[in-house]
Number of protein chains: 2
Amino acid sequence: MSPAIAASNGLPVSRNEEGPSRFLLPSDYGDFQTNRLNHTPPLPSILKNPFQVVDGHPTTAAGNPNEIANLFPNLYGQPSVSLVPGQSEVKGQSLKVGVVFSGGQAPGGHNVITGIFDYLQERARGSTLYGFKGGPAGIMSCKYVKLTADLIYPYRNQGGFHMICSSRDKIETPEQLKQAEETVKKLDLDGLVIIGGDDSNTNACLLAEYFRSKNMKTQVIGCPKTIDGDLKCKDVPISFGFDTACKIYSEMIGNVMVDARSTGKYYHFIRLMGRAASHITLECALQTHPNIAIIGEEVAAKKLTMKNVTNYIADIICKRMELGFNYGVIILPEGLIDFIPEVKQLIAELNEILAHDVVDEAGMWKRKLRSHSHDLFEFLPQSIQEQLLLERDPHGNVQVAKIETEKMLIQMVEAELDQRKQKGAYKGQFQGKPHFFGYEGRCGFPTNFDANYCNALGYATGILLHSGKTGLISSVGNLTAPVDEWTVGGTALTSLMDVERRHGKFKPVIKKALVDLEGAPMLKFASLRDDWALKNRYLSSGPIQFVGPYANDINYTLMLELGAQFHF
Amino acid sequence: MSPAIAASNGLPVSRNEEGPSRFLLPSDYGDFQTNRLNHTPPLPSILKNPFQVVDGHPTTAAGNPNEIANLFPNLYGQPSVSLVPGQSEVKGQSLKVGVVFSGGQAPGGHNVITGIFDYLQERARGSTLYGFKGGPAGIMSCKYVKLTADLIYPYRNQGGFHMICSSRDKIETPEQLKQAEETVKKLDLDGLVIIGGDDSNTNACLLAEYFRSKNMKTQVIGCPKTIDGDLKCKDVPISFGFDTACKIYSEMIGNVMVDARSTGKYYHFIRLMGRAASHITLECALQTHPNIAIIGEEVAAKKLTMKNVTNYIADIICKRMELGFNYGVIILPEGLIDFIPEVKQLIAELNEILAHDVVDEAGMWKRKLRSHSHDLFEFLPQSIQEQLLLERDPHGNVQVAKIETEKMLIQMVEAELDQRKQKGAYKGQFQGKPHFFGYEGRCGFPTNFDANYCNALGYATGILLHSGKTGLISSVGNLTAPVDEWTVGGTALTSLMDVERRHGKFKPVIKKALVDLEGAPMLKFASLRDDWALKNRYLSSGPIQFVGPYANDINYTLMLELGAQFHF
């Protein structure tokens, strides 16, 4: 334990203390932050009255149940649970609980921690909550801080994960599991809460299984976090942070739309964070009605090529020109390139060639590319070619994430339109403006929805631990109803699992919930996009409001997936 | 007049009509936009009761009064005016008024127009308001639309300029002045309102002088618009749009700060729109407390070099590393490069060389650079060198605005830190993340301040025209007080003027109000920045709120410049 952490253990730290471990104080804040501090998220009524934790039916797995049963012999088949009104059988015994953030930030994370804390204070007096610092690595190295009411207060309803920070480490190998075992034993933990995405919750399940297999008392509960929105299932309708991130991006997109319409001469290409899934792009499309939204999952399903995507955009630009519109807004997911089969193939070949050959200036190396990959490479703009050849990670692999897809598309559309112009098929002046909306969205103040949802998730986590459960992910449902009517429970993590075969072994995974092309959000979008393409149906949802008539609105994806009736 | 414009003249247009000239309808809107439509900006009490327009003392000019008197023989010396309670001498006669947006968008512009409209409706019944379409070009080509209550309603309190759009044309040459004359005569205009920045208001003054010199009845009134904040003086304390844009950028910066603190491994370099002036950067610094904010005016005054700026940043990064901080947030103005004398010199030399010589691969052309410029060129990262050589405008000039200064600084700081690392003077891992916040800020929903200020400016404009004034810019003052106590008047445009000598002639200009290094906002920043650099005093002001306790807060720049007492 570092001196800085020891010094801050359980004690409010003075403003004069420096260093990354300093906890924030209310006096560090401006008016707005202070105002949000004093917001008290409402609790579902089930949590305000006496309740019982009831087991459901035995569960199976999302796929390959036999393999999952083999991998999780102690957990497989255990029921999910739900809360119902009734006299609790849980004794008010105190608990020792550790909590950790795993992976990228998502708005609301701090409220999960304060939710756990508040539950323990109210229903398990004398409990202790430890925060592991710097993500899962903090568990392995036993870096932690004892969280007190004073320490956590300044993080209520605030964005970010900086109370205890996060990282992307995994606890997988026998040595790592052993380190985790030592830490939870040292701290005598009854429970460990892992707040993370699909990988982190898979990890939570592995840890739960490991502790159970060793007859240890430590229970492990997961919590669904990711702005990307790709961790969800029937019982876990949404991951926290998605609502806030989409609203922040939609505010910006709406503003850019007004600018496009006012200026009348730019096509804005906006790349949105969200990795491999296009949920954020789809939700932002539903909120703002862009002229074009590229959904990666559709590109993959239709096996589209770069040329197809370029032509799709160029066609709409040409039609809009005929209608007198020389401007527009196009949104696309960060991970678009990953969805295009031919690009994946090209990158695989480049990785192979660059590992063994020198890139000669005459371009002889290109002969090693397969014919289609060669054509694709030649089709790409020069700056992208250079990026593919030069920007490589320490393993020598092309860094796909570094490619600025929005700039690449602008260049390809420009080239295509130039060709059409020469043939007389396009008469406009195309000017593309690239944007990337990422970091500014994943650490905003959580919307009321995310603040309330995370608070309930935190409470649920406390309840699940208190009632002796392990290997569950906390689940809060009925989310389109008022908070009062939300349901609370826990879902067996093994029931979300499937296996993938890697290096000859079965590896458990929670399958990423990609955009369902037959799901209600996609069908709604598909039914409207042609209208949006040529007419301008832009909507500006404005900055997130915390009071007033729209402060409690929730995202369209959630409403549509849950079948809520509403005016669109 | 184009058919599309004729069709929309005065009539609400059905949703089915297509084309760029279609006016929006309330049914085009989402809930939030509709909610803002129904906001009624409060009026200063002086405008709610009977008032008189009172002349002040004769005025002079901001500089070179003799030249200004020569250039504006009919207007020079005329008094500014103010409103005082009393019985109006203005008859309720109706007016024909034209209005135009000039230059880039700024939040609140639509409220200036609705303010003029509402004034005319209430105090000059039977008046007609024409909107010139597509900026000053619309005046010269007589493209206009008659604005009606129904047409303008959907633009109340909304961002953007898309009601009638804008452009950057000027009305300067004798031919252009003649075209404007024909249009205002054709429409029988009593008044013309030009909503624009420093150049546009200079233009407004030239037009006022021209019309007066021809004994035409058309009066011209200007209105102070620009998010850049560089059009202001004692009587015109702020240009509209600045407040909103700064708050939108500050929301984003605050989010990125939380991300930086949570992740702990990135230095975010954020370039902010704002052209030649650093007001936006300074205001955002006061709102968010970044580790570093580069103020262009200071860079110019201290004659700093690129190397100085790079070292300044690298020094702070090294000191922060010793304190355990491997992250930070740095903000800089869009126009930074323009403030660095050596860069200006290099670009001038490059323009000269590239106009006459071929850039040979061996680099022989570089010998034509002066010694210092040569060194600077070699000091720049390769990608910037390429940008300087390749990206040129139709006149062959280097396009300074296209240089991504934030990326350039990241590369230069990276190179500097690499050198220090080799000498053992830096032990961290530097990772820079570039951002540009621009378009998303200049078309947001106007804050309550901008909505109210613009409404009052519009009203003032109507009053100035109604009382026979010309060559004034509408001015609303006492802005740190509640709206009820705001003052209203008009300032003689000639009193803001100076001359510049161009091509052997005197040219009138309203001097850009750059950041005053001895002004209260800069002094406040300068007194705090060392603390912000090493400690993390980040503030998150959150998304703009329209109701609730902070909905009417105004920016620090305005409060400090007006000497308001407040807790910082």
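The values are calculated or read from the model by the stated rules, or taken from the named source; none is laboratory data. Small disclaimer: the values here were computed from a predicted structure and weren't measured. Cβ: placed from backbone, ideal geometry, glycine included. Neighbour counts: every protein chain shown. In case anyone asks, the SASA skips ligands and DNA or RNA and just uses the protein heavy atoms, side chains included. Shrake-Rupley method; radii C 1.70, N 1.55, O 1.52, S 1.80 Å.
Worth a mention:
- Residue satisfying condition, being part of a loop (DSSP other than H, G, I, E, B) and in contact (Cβ under 8 Å) with a residue 40 or more places away in the chain, within set B:ASN157, B:ASN203: B:ASN157
- Taken over region B:256-302, the criterion of being more than 8 Å from chain A (Cβ to nearest Cβ), basic (Lys, Arg) and under 20 Å from A:GLY104 (Cα atoms) is satisfied by B:LYS265 alone.
- Within region B:224-250, the set of residues being within 14 Å of another protein chain (Cβ to nearest Cβ) and among the β-branched types (Val, Ile, Thr) comprises B:ILE227, B:THR244, B:ILE248.
- Picking from residues in region B:503-550 that are among the small types (Gly, Ala, Ser) and within 14 Å of chain A (Cβ to nearest Cβ), the one that is nearest to B:TYR76 (Cα to Cα) is B:SER541.
- The helices (runs of 4 or more DSSP H) located wholly in region A:330-433 that include 1 or more residues which are modelled with pLDDT under 90 and surrounded by 15 or more Cβ atoms within 10 Å (Cβ to Cβ) occupy A:341-356, A:371-379, A:382-390.
- Exactly one residue out of B:GLU67, B:GLU89, B:GLU122 is free of Cβ contacts under 8 Å to residues at least 24 places away in the same chain, at negative phi and of a type outside the set (Lys, Arg): that is B:GLU122.
- Selection within region A:1-50: residues that are modelled with pLDDT under 55 and part of a helix (DSSP H, G or I). The member of this set that is nearest to A:TYR119 (Cα to Cα) is A:SER8.
- Those residues of region A:551-567 which are of a type in the set (Gly, Ala, Ser) and within 11 Å of chain B (Cβ to nearest Cβ), in sequence order: A:ALA551
- Breaking point among (1) in contact with a strand residue (DSSP E or B) (Cβ under 9 Å, 6 or more places away or on another chain); (2) over 25 Å from B:CYS443 (Cβ atoms); (3) more than 14 Å from chain A (Cβ to nearest Cβ), for B:SER213: (1)
- Residues of region B:279-319 satisfying the condition of being among the hydroxyl-bearing types (Ser, Thr, Tyr), touching a residue at least 40 places away in the same chain (Cβ under 8 Å) and open to solvent by 20 Å² or more (accessible area, probe 1.4 Å): B:THR305
- Every residue from region A:313-344 that is within 17 Å of A:ASP531 (Cβ to Cβ) and among the charged types (D, E, K, R): A:ASP315, A:LYS319, A:ARG320, A:GLU322
- B:THR59 vs. criteria over 16 Å from B:ARG156 (Cα atoms), open to solvent by less than 30 Å² (accessible area, probe 1.4 Å), away from every other protein chain (no Cβ under 14 Å) and among the polar types (S, T, N, Q): yes
- Criterion (among the β-branched types (Val, Ile, Thr) and away from every other protein chain (no Cβ under 14 Å)) met by exactly one of A:ILE253, A:ILE221: A:ILE221
- Residue pairs whose Cβ atoms lie under 8 Å apart, sitting 6 or more positions apart in sequence or on different chains, and linking a residue in region B:21-32 that is closer than 25 Å to B:LYS143 by Cβ and open to solvent by 20 Å² or more (accessible area, probe 1.4 Å) to a partner that is among the hydroxyl-bearing types (Ser, Thr, Tyr) and not in a helix (DSSP H, G or I), are B:SER21/B:SER2.
- Only one of A:LYS96, A:LYS143 that is open to solvent by 10 Å² or more (accessible area, probe 1.4 Å) and either under 24 Å from the mean Cα position of the chain (by Cα) or more than 14 Å from chain B (Cβ to nearest Cβ) (or both): A:LYS96
- Odd one out for A:GLY131 among (1) part of a strand (DSSP E or B); (2) over 22 Å from B:GLY264 (Cβ atoms); (3) open to solvent by less than 10 Å² (accessible area, probe 1.4 Å): (2)
- Residues in region A:399-423 that are in contact with an Asp or Glu (Cβ under 7 Å, 6 or more places away or on another chain) and touching a residue at least 12 places away in the same chain (Cβ under 8 Å): A:VAL400, A:LYS402.
- Taking strands (runs of 3 or more DSSP E) as the structural unit, those lying wholly within region B:463-568 and holding at least 2 residues that are in contact (Cβ under 8 Å) with a residue 24 or more places away in the chain, out of contact with any Pro (no Cβ under 9 Å at 6 or more places or on another chain) and open to solvent by 10 Å² or more (accessible area, probe 1.4 Å) correspond to B:505-510.
Residue-by-condition table, conditions (1) outside any helix (DSSP H, G or I); (2) surrounded by fewer than 24 Cβ atoms within 10 Å (Cβ to Cβ); (3) of a type in the set (Ser, Thr, Tyr); (4) assigned by TED's automatic domain parsing to the domain that holds A:GLY197:
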residue: A:TYR249; (1), (2), (3), (4): no, no, yes, no
residue: A:MET252; (1), (2), (3), (4): no, no, no, no
residue: A:ASP259; (1), (2), (3), (4): no, no, no, no
residue: A:GLY274; (1), (2), (3), (4): yes, no, no, no
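- Given (1) part of a helix (DSSP H, G or I); (2) outside the structural domain of B:TYR327 (by TED's automatic domain parsing), index of the condition B:ALA285 fails: (2)
- Per the conditions (1) assigned by TED's automatic domain parsing to the domain that holds B:PRO136; (2) in contact (Cβ under 8 Å) with a residue 60 or more places away in the chain, the sole criterion not satisfied by B:ASN215 is (2).
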